[in-house]
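The values are calculated or read from the model by the stated rules, or taken from the named source; none is laboratory data. From a predicted model like this one, the values you see are computed outputs, not experimental measurements. Ideal geometry is used to build each Cβ from the backbone, glycine not excepted, and the neighbour counts take in all protein chains shown.
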Amino acid sequence: MRAMDPLSLARRLIQAGPICDHCLGTRFAGLGHGLTARERGRLLRAAVEGGRVEPSACWVCGGLFARVPDWAARAVELAKDYEHRTFLFGVHESPRLSATQEFLDREFPSPWAEPVRRGLNRELGRHYERLLGREVGVDFRRPELRFTVDLETGEVELHVASVYFFGRYRKLVRGIPQTHWPCRHCHGRGCKECGFTGKQYPISVEELILPAFLEACGGEGGHLHGAGREDVDARMLGRGRPFVLEVKAPKRRSVDLAEIAHRINQEAEGKVEVLSLAPATAELVEKVKDLKARKRYRARVAFARPVSEAELSGALPGLVGEIAQRTPARVAHRRADLVRKRRVYEITGRLLPPGEAELEILCEGGLYVKELISGDEGRTQPSLAGLLGVPARVTELDVLEVLDGLTTENTEGTENPQRPQGH
Ligand SMILES: [Zn+2]
Ligand SMILES: [Zn+2]
């Protein structure tokens with residue numbers, strides 16, 4: 001852009017019609033650091049017109065800046081029940097403002113300009129903090145509260161971001177799914193088969209953990225995002241399975257996690273236990289869901305005929321290494337049919353007469369252990385049944401450990417609220 005003189009641009013803007021100090025200032029946002037748009041506008045007006053005062057009308061915003069205190073007060077009212085350390089204002093531009101902005105950028109180009117909308121957002125934030133009487137951080141990326149002002153209707157909307165917690169769960173009994181499963185017969189509508197509950201299983205890990213969080217946070221619902229899931233009939237032991245608990249629209253974010261853990265562990269006693277609860281961020285949800293952790297399993301296996309110690313110890317080394325698994329028949333209805341390769345790192349076992357054995361398996365995340373044993377009619381290669389030449393199946397399965405390497409240090413949130421520039 002060719003060299004430009006701010007004063008002559010300011011003069012042209014002022015001569016084009018009544019313009020408020022805010023809007024005038026937005027054309028020079030890149031000049032005079034530490035000043036607000038309004039202060040910049042006022043200085044330029046003084047330089048151009050001497051003692052003239054700001055007109056009451058404005059051909060650019062049509063008086064939007066005058067409504068800022070009122071909108072900020074509505075936002076304070078909307079937010080009064082919600083604990084928050086960060087917020088952000090945004091506006092839905094009206095067609096009028098969009099058209100005026102376009103006209104402004106075309107007819108009064110300026111290398112220092114920022115959109116009027118951005119000036120409005122900043123003013124809303126300043127007023128909001130002033131009304132609140134304390135400094136709250138503006139967070140441009142993940143604000144806890146997000147206000148949207150519709151410039152057309154004048155409505156102010158509040159969106160409350162979820163709050164997240166990291167934890168681990170142990171599942172001490174079989175027959176509990178991680179999250180609630182709709183009934184197979186009625187798909188959740190409720191029928192005779194499910195006793196009109198709509199559920200395949202009466203309770204889930206999520207349903208045992210979530211309520212204490214919802215109550216503590218005053219949230220409107222939530223989710224347990226697990227780092228994978230064990231089979232419904234498998235226990236989850238050891239240090240437990242990592243999860244991120246999400247509470248939607250929470251009123252409280254600083255909660256006593258020790259108290260929540262205590263309550264869950266008391267109410268779900270003998271079924272589910274939580275440990276290692278810590279504050280977390282939204283980013284951890286994907287990280288935990290994508291976690292490819294090694295697992296250590298214990299499997300009880302039944303053979304179609306008794307096998308000898310020598311047969312078993314001869315077969316087990318053949319399972320160490322890469323296993324090719326076509327999607328198991330039992331999950332084929334909900335997973336794509338493909339062949340995946342997963343590794344078995346270690347496997348040991350001992351016979352439990354008659355015709356049974358107990359195995360311990362250390363393997364890559366995602367390996368289907370039941371099929372490693374049964375062979376799933378040739379869909380898993382190699383398999384214990386295949387190597388022995390004897391049909392075999394898992395009768396009991398426990399996850400002994402999820403070896404994920406997650407610690408409180410690398411799961412805790414590190415986000416810092418930022419102050420906006422020129423604030
Ligand atoms: Zn204006
Ligand atoms: Zn049903």
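What to note about this one:
- Where residue 254 falls short, out of the listed (1) within 16 Å of the chain's Cα centre (by Cα); (2) part of a loop (DSSP other than H, G, I, E, B): (1)
- Taking each residue of segment 112-135 that is of a type in the set (Gly, Ala, Ser) and looking for partners that are surrounded by fewer than 19 Cβ atoms within 10 Å (Cβ to Cβ) with beta-carbon atoms closer than 9 Å, six or more apart or interchain, yields 113/30; 113/105; 125/136; 125/420; 125/423.
- Unique residue being touching a residue at least 60 places away in the same chain (Cβ under 8 Å), more than 21 Å from residue 404 (Cα to Cα) and outside any strand (DSSP E or B) when the list is 208, 214: 208
- Hey, residue 146 touching a residue at least 12 places away in the same chain (Cβ under 8 Å), touching a strand residue (DSSP E or B) at 6+ places or on another chain (Cβ under 8 Å) and within 16 Å of ligand 1 (Cβ to nearest atom) or not: no
- Residue check for residue 263: free of Cβ contacts under 8 Å to residues at least 40 places away in the same chain, out of contact with any Lys or Arg (no Cβ under 9 Å at 6 or more places or on another chain) and either under 21 Å from residue 205 (Cβ atoms) or in the same structural domain as residue 373 (by TED's automatic domain parsing) (or both): no
Every residue, every condition in (1) surrounded by 17 or more Cβ atoms within 10 Å (Cβ to Cβ); (2) within 15 Å of ligand 1 (Cβ to nearest atom); (3) over 24 Å from residue 147 (Cα atoms); (4) touching a residue at least 60 places away in the same chain (Cβ under 8 Å), yes or no:
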{"site": "5", "(1), (2), (3), (4)": "no, no, yes, no"}
{"site": "28", "(1), (2), (3), (4)": "yes, yes, yes, yes"}
{"site": "39", "(1), (2), (3), (4)": "no, yes, yes, no"}
{"site": "49", "(1), (2), (3), (4)": "no, no, yes, no"}
{"site": "52", "(1), (2), (3), (4)": "no, no, yes, no"}
{"site": "59", "(1), (2), (3), (4)": "no, yes, yes, no"}
{"site": "79", "(1), (2), (3), (4)": "yes, no, no, yes"}
{"site": "100", "(1), (2), (3), (4)": "yes, yes, no, no"}
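- Residue ranges of strands (runs of 3 or more DSSP E) in segment 291-402 with at least 2 members in contact with a Leu (Cβ under 8 Å, 6 or more places away or on another chain), more than 25 Å from residue 226 (Cα to Cα) and outside the structural domain of residue 236 (by TED's automatic domain parsing): 294-303, 339-352, 356-363
- Residues of segment 183-230 satisfying the condition of being within 16 Å of ligand 2 (Cβ to nearest atom), closer than 28 Å to residue 290 by Cα and either crowded, with 21+ Cβ neighbours inside 10 Å or hydroxyl-bearing (Ser, Thr, Tyr) (or both): 201, 204
- Screening residue 176 against (1) out of contact with any helix residue (DSSP H, G or I) (no Cβ under 8 Å at 6 or more places or on another chain); (2) surrounded by 21 or more Cβ atoms within 10 Å (Cβ to Cβ); (3) in a loop (DSSP other than H, G, I, E, B) leaves a single unmet condition, (1).
- Condition met for residue 117 (in contact with a strand residue (DSSP E or B) (Cβ under 7 Å, 6 or more places away or on another chain) and basic (Lys, Arg)): yes
- Residue under evaluation residue 310, criteria (1) surrounded by 13 or more Cβ atoms within 10 Å (Cβ to Cβ); (2) under 18 Å from residue 384 (Cα atoms), criterion not met: (1)
- Qualifying residue in segment 126-147 (condition: assigned to a helix (DSSP H, G or I) and touching a Lys or Arg at 6+ places or on another chain (Cβ under 8 Å)): no
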